[in-house]
Amino acid sequence: MTRASPLLALSLVVIIAPAFGAQAAPVVPAPAGVLAVMERVADWQLANLPVARPRDGWVQAAGYAGIMALAEISQSPRFDEAMMKMGTENQWKPGARVYHADDHCVVQTYAELYFRHNDQAMLAPAIERFDAILAAPTAVGREFRPPDRVINYWWCDALFMGPPAWLKLWKATGKAAYLDFALTHWWETSDYLYDKQEYLYFRDATYFDKRETNGKKIFWSRGNGWVLGGLVRVLQVLPDGHPARAKFEQQFREMAAKLVTLQAADGFWRSSLLDPAEYPAQEASGTGFFCYGLLWGVNQGLLDRGTYLPAALKGWAALNTCVQPDGKLIHIQPIGADPKKFDESSTEPYGVGSFLLAGSELFRVRRQ
């Protein structure tokens, strides 16, 4: 067998070393390609809205959040028009449950449409609802009260649904009580559910003492995705220099730092963040919200690009494997409160919303 000369061997080391040693800069997809897949997914969802889900409920409203993010970057008016049609048909009303954060989520889209169209009628029902809550802020006797204290936002998902709606209404009206309500309720829930050792949120108090098969605490992927997405949407509205902003940024960084350590090799985050082996199915809704948060943090300079952008891009590539040729987004865990095994063909509007929110931030990422 012929041996390579020492000089040739050295040359091979020099050539090969960058591929296996120094980390190459991540390749950011072209904005046009990102926009194209977003529009395909959104078009499928708008043509296939689940009729069994209330049009003013959280399942649809989380999807609307993504449609609105797409409307901000698309040249086509069809996404704004779809949301205007939805608001008009809803008579701009929140969901029916007065105090329930899930039924406030749609107000985020109403407020964003108001910012685009400046029609006070879009805000009037939400103002009426939120003022009624301020006048009697505790829903005494409600069926979803925790067993040991009275707290309106007792489940972590509420932090995506409620506070951003109150903050957007504050931005639209200037009424400081809306801002105060949002901040107070965020930190009340955080003090209740945020694990300061793991930097993750329990879904609710019933999970404090439960454990996964491997003995680890139960931290649900989408539940923490709701929180990370909620943090983004709070920070998007909360002004720079506001006394509360630093605390929100700290929690955002803590969660992001933890989450990148939990991403699987294929780019997804599994349904159970600390016991992925028990739930091996790829899951798109939590992954979408985590990509959204990481990309927004990179774009805002809150997260280090070299550390977080590769994780976000790996997550985006994984999400794109869930997009079917017709635009249907699959691998979305159905409605629930904890990690589950589920049919890989499952889809829901909130998963589409997380995908579109992530794409809207990837569209804005600086390319090198």
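Values in this text are rule-based calculations from the coordinates and carry no lab data. Small disclaimer: the values here were computed from a predicted structure and weren't measured. When we count neighbours, we look across all protein chains shown, and the Cβ atoms used for this are built from the backbone with ideal geometry, even at glycine.
At a temperature of 25 °C and a viscosity of 0.890 mPa s, determine how fast segment 233-368 diffuses translationally according to Stokes-Einstein, using the Kirkwood radius over alpha-carbon pairs as Rh; express D in µm²/s, rounded to the nearest whole number. Write down the numbers at each step before the final one.
Values: Rh = 15.4 Å.
Rounded, D is 159 µm²/s.
Computed across the chain, the Kirkwood radius stands at 21.3 Å (inverse of mean 1/r, all Cα pairs). For the chain, the longest principal axis of the Cα atoms and the long axis of helix 221-235 meet at an angle of about 70 degrees.
Stretched out straight at 0.36 nm per residue, the stretch from residue 342 to residue 116 would grow longer than its current Cα-Cα span by 77.5 nm. By the rule of a C-alpha distance below 16 Å, with chain neighbours fewer than 8 residues away ignored, the aspartates and glutamates paired with residue 341 are 212, 275, 278, 283.
Compute the FRET efficiency between residue 27 and residue 197 as 1/(1 + (r/R0)^6), taking r as their Cβ-Cβ distance and R0 = 30 Å, and round to the nearest 0.05.
Values: r = 36 Å, r/R0 = 1.20.
E between residue 27 and residue 197, to the nearest 0.05, is 0.25.
GNM remark for the chain: springs join alpha carbons under 10 Å apart, and the peak mean-square fluctuation among 218, 330, 73 falls on 73.
Rounded to the nearest 0.05, what FRET efficiency do residue 124 and residue 81 have when you use their Cβ-Cβ distance and R0 = 30 Å? Write out the running numbers ahead of the final one.
Values: r = 21 Å, r/R0 = 0.71.
Efficiency computed from Cβ-Cβ geometry: 0.90.
Using 0.36 nm per residue of separation minus the Cα-Cα distance, give me the extension gain between residue 335 and residue 149 in nm, one decimal.
Details: separation 186, 0.36 × 186 = 66.96 nm, distance 2.58 nm.
Taking 0.36 nm per residue and subtracting the Cα distance, the gain is 64.4 nm.
At an R0 of 30 angstrom, the distance between the Cβ atoms of residue 89 and residue 321 translates into a FRET efficiency of 0.30.
Taking the convex hull of the Cα atoms, report for segment 96-240 its projected area averaged over all directions, in nm². Show your work: numbers first, answer last.
Values: hull surface 38.2 nm².
Its Cα hull, projected and averaged over all orientations, spans 9.6 nm².
Once both axes come from the Cα atoms, what is the angle between helix 6-20 and the longest principal axis of the chain, in degrees from 0 to 90, rounded to 10? Roughly 10 degrees between the two axes.
Could you give the length gained on full extension between residue 138 and residue 366, defined as 0.36 nm per residue of separation minus the Cα-Cα distance, in nm?
Details: separation 228, 0.36 × 228 = 82.08 nm, distance 4.48 nm.
So the chain would gain 77.6 nm between residue 138 and residue 366.
Only aspartates and glutamates eight or more places from residue 85 in sequence, or on another chain, were considered; those with a Cα closer than 20 Å are 39, 43, 56, 72, 103, 112, 119.
Out of every Cα-Cα pair that segment 28-175 contains, those further apart than 19 angstrom amount to 54 percent. Averaging 1/r over every pair of different alpha carbons in segment 47-112 and inverting the result gives a Kirkwood radius of 12.0 Å. The alpha-carbon of residue 314 sits under 13 angstrom from the alpha-carbons of these aspartates and glutamates, leaving out residues fewer than 8 places away in its chain: 266. When the pairs 93/171; 216/328; 93/175 are compared against a 29 Å limit on Cα-Cα distance, 216/328 fall above it.
Considering only 301, 271, 286, and ranking their Cα positions along the charge dipole of segment 266-321 that arises from unit charges at the beta-carbon of Lys, Arg, Asp and Glu, the one farthest toward the positive end is 301.
Over all directions, average the projected area of the Cα convex hull of segment 210-307 and note it in nm². Don't skip to the answer; put the middle values down first.
Details: hull surface 26.5 nm².
Mean shadow area of the hull around the Cα atoms is 6.6 nm².
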